[in-house]
Amino acid sequence: MSFFEAILMGIVQGITEFLPVSSSGHLAVIGRLLNIQEEAGLSFEVLLHVGTLAAVCLAFREDIRRMALELIRMINDILYNGTTYFHNRFHGEDARDYRKLLHNNYRKLVTMLVISTIPTGILGYLMQGIVQRASVSLLATGLGFLVTGVLLFVMDNWRPGKKIPKDMKTSHALAIGICQGLGTFPGVSRLGLTMTAGLMCGLNRGFAVRYSFLLSVPAVIGALILELQTASFPAMSWRLGGLYAAGTVAAAVTGCLVIRWMLNFVKRRKFFIFSAYCFLLGIVTIVCHFVFS
């Protein structure tokens, strides 16, 4: 793999990770068409995910800071309620009040994200073998693109709701988490699936996109943990380190720019252009499978 190819893959990852067009599908297609040979050792894709993870954390740093703070406070309140239970049980005459756990939007949001992450993690773990086999098949990737095109068409024609974090239910979080888990299949857009699920659950259009971006943080961390379990760590050469750094930085910088653009785009535009693009790319990919196989 050359430096140009590393930067190209980083840019593609940064763009497609935060657009509803499937980053895994694009990386699989470009890798096959350019016959990019990955260096032995630590998976290059792991580093690309680190880059896009950094982009999300930077773009949503205030939300993440507030959620982390509220999570710590929630844990403290849970411990307090636990001690209160035993205190009230043995000192009924001096009973203490319990603390309410979900009394603001950030506490509700972090709780829903945790719930969504559970089915995502389970499906991601169970589908590892299927995803690995499908990622080297242009036919499977092409079919995934067609599925994404259908999802985006449905999303464009689905009337958005008005729900914000305080209105979400556990069933909504589970449904979105399941969809994110299914989004690991190459060609199927994780972002497209989770946004469509969010709109079908009645979420506000802007919040559905924001929730999908934030939900990618634990998902990417989980994917990194799984990939690191099977990665090897050879002696790092200057060339190999440079390749990894170039791809990671390209993914991070591009990702930050695309997130900012996407948050503005979703407020005033529809996703028809992405739907048409996925349909076209799916057809082309399937044709390439039969032509080059």
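Pairs from the table (LYS100/LYS162; LYS163/LYS270; LYS100/LYS166; LYS162/LYS270) lying more than 23 angstrom apart at Cα are LYS100/LYS162. Cα-based values for segment 161-287, radius of gyration first and Dmax second, are 17.5, 53 Å. Where does the charge balance sit around LYS169 when Lys and Arg score +1, Asp and Glu -1, over other residues with C-beta under 12 Å from its C-beta? Local charge sum for LYS169: +2. Between ARG89 and ARG159, the distance separating the two model label sites (each 7 Å from Cα on the Cα→Cβ line) works out to 5.0 nm.
Counting charges near ARG66 (Lys, Arg +1; Asp, Glu -1) among other residues having Cβ under 14 Å from its Cβ returns a value of +3. Across every direction, the projection of the convex hull enclosing the Cα atoms of the chain has a mean area of 17.5 nm².
Could you pull out the longest piece of the chain with no exposed loop trypsin sites (Lys or Arg not before Pro) in it, calling a site exposed if DSSP puts it outside H, G, I, E, B and it has at most 15 other Cβ atoms within 10 Å?
170-268
Of all the options LEU257, LEU199, LEU69, the one that moves most in a Gaussian network model of the chain with Cα springs shorter than 10 angstrom is LEU69. Helical content of the chain, expressed as a calculated mean residue ellipticity at 222 nm, amounts to -25500 deg cm²/dmol (DSSP H runs of 4 or more residues, -39,500 (n - 2.57) each, divided by residue number, nearest 500).
For Cα pairs less than 8 Å apart in space and 6+ apart in sequence, what is the mean separation divided by the residue count of segment 143-293, i.e. the relative contact order in percent? Please list the in-between numbers first.
Values: 128 pairs, mean separation 58.0, N = 151.
Result for segment 143-293 is 38 percent.
Three principal axis extents describe the C-alpha atoms of segment 48-144; from largest down they are 70, 30, 19 Å.
Across all directions, the shadow cast by the convex hull of segment 90-143 built on its C-alpha atoms averages 7.2 square nanometres. Computed over the chain with a Gaussian network model linking Cα atoms closer than 10 Å, the most mobile of GLU227, GLU62, GLU70 is GLU62.
Taking Cα atoms only, the orientation of helix 138-156 departs from the longest principal axis of the chain by about 50 degrees. Tilt of helix 44-59 relative to the longest C-alpha principal axis of the chain, in degrees (0 to 90, nearest 10)? Value to nearest ten degrees: 50.
For segment 145-193, report the % of Cα-Cα distances exceeding 15 Å. Before the final figure, lay out each step's value.
Details: 640 of 1176 pairs.
Here the tail beyond 15 Å accounts for 54 percent of pairs.
For PHE271, the shell of other residues with beta-carbons less than 13 Å away shows a net charge of +4, using +1 for Lys and Arg and -1 for Asp and Glu. Per q in 0.15, 0.21, 0.24, 0.25 Å⁻¹, report the Debye log10 I(q)/I(0) for segment 3-97, using one uniform scatterer on each alpha carbon and no solvent. Treating every Cα as an identical point scatterer, log10 I(q)/I(0) equals -0.72, -1.02, -1.17, -1.22.
Provide the packing ranking of 120-130, 5-15, i.e. peptides ordered by the mean count of other C-beta atoms within 10 Å per residue, highest first. Don't jump to the answer; show the numbers that get you there.
Working: 120-130: 15.4, 5-15: 22.7.
Put in order of decreasing packing, that is 5-15, 120-130.
Estimate the FRET efficiency between ARG133 and ARG61 by the formula 1/(1 + (r/R0)^6), using the beta-carbon distance for r and 30 Å for R0, to the nearest 0.05. The pair ARG133/ARG61 has a calculated efficiency of 0.20.
Would segment 102-190 count as rounded, prolate or oblate if I go by the C-alpha gyration tensor, calling it rounded below 1.5 in a/c and otherwise prolate when a/b exceeds b/c, oblate otherwise?
Details: a/c = 4.15, a/b = 1.59, b/c = 2.62.
It is oblate, given that a/c is not under 1.5 and a/b is not larger than b/c.
Using the Cβ-Cβ distance between LEU33 and ALA68 with R0 set to 51 Å, the FRET efficiency from 1/(1 + (r/R0)^6) comes to roughly 0.80.
Only the coordinates and a few stated rules stand behind these numbers; no lab work does. Only a predicted model underlies this, so the values are computations on that prediction, with no experimental measurement involved. Because the Cβ atoms are built from the backbone with ideal geometry, glycine has one as well, and the counts that use them run over all protein chains shown.
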